[in-house]
Amino acid sequence: MKCPICEEGMERKKVPYTVGSVKLGIFEADVCSSCSEIFFTEKSSDAIDRKAKELGLWGLEKKGRIGYSGNSLIVRIPKKVAEFMKLKKGEGVLIKPEGKKRLVIEIE
């Protein structure tokens with residue numbers, strides 16, 4: 001089998017899969033020997049979906065917008081994410097940039 005990205009050979013391997021920092025398990029995938037691109041098998045994709053749903057992670061990723069509150073910028077946390085993380089109004093958080101395109105919010 002050839003990689004659809006670089007057209008080099010691929011090898012069937014067991015590969016770990018995570019959603020954010022949650023490890024869902026190790027699943028079978030075709031891995032390119034040249035560009036290292038990973039393509040999970042259909043069976044693995046179904047297993048990943050089932051595990052994500054079982055852990056309540058399915059559908060939590062949401063797009064948002066930056067808004068204003070007074071002189072500060074705000075980012076709203078979607079209700080499903082807040083419920084999953086059991087967040088409450090007034091809880092302390094640590095906000096830190098990881099480069100110019102990634103913002104990490106940690107609950108204290």
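The values are calculated or read from the model by the stated rules, or taken from the named source; none is laboratory data. This is a predicted model, so every value here is computed, not measured. Cβ placement follows ideal geometry from the backbone for every residue including glycine, while neighbour counts extend to all protein chains displayed.
At a glance:
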read-out: One residue from VAL31, VAL19 being farther than 22 Å from ALA82 by Cα, surrounded by 15 or more Cβ atoms within 10 Å (Cβ to Cβ) and without any contact (Cβ under 8 Å) to a residue 60 or more places away in the chain; value: VAL31
read-out: Count - residues of region 2-33 that are closer than 30 Å to GLY56 by Cβ and out of contact with any Pro (no Cβ under 9 Å at 6 or more places or on another chain); value: 14
read-out: Lone qualifier among SER69, SER45 - being over 28 Å from ILE105 (Cβ atoms) and either out of contact with any helix residue (DSSP H, G or I) (no Cβ under 9 Å at 6 or more places or on another chain) or loosely packed, with under 11 Cβ neighbours inside 10 Å (or both); value: SER45
read-out: So PHE40, is it surrounded by 11 or more Cβ atoms within 10 Å (Cβ to Cβ) and modelled with pLDDT of 95 or more; value: yes
read-out: Count - residues of region 80-95 that are surrounded by 10 or more Cβ atoms within 10 Å (Cβ to Cβ) and not in a loop (DSSP other than H, G, I, E, B); value: 7
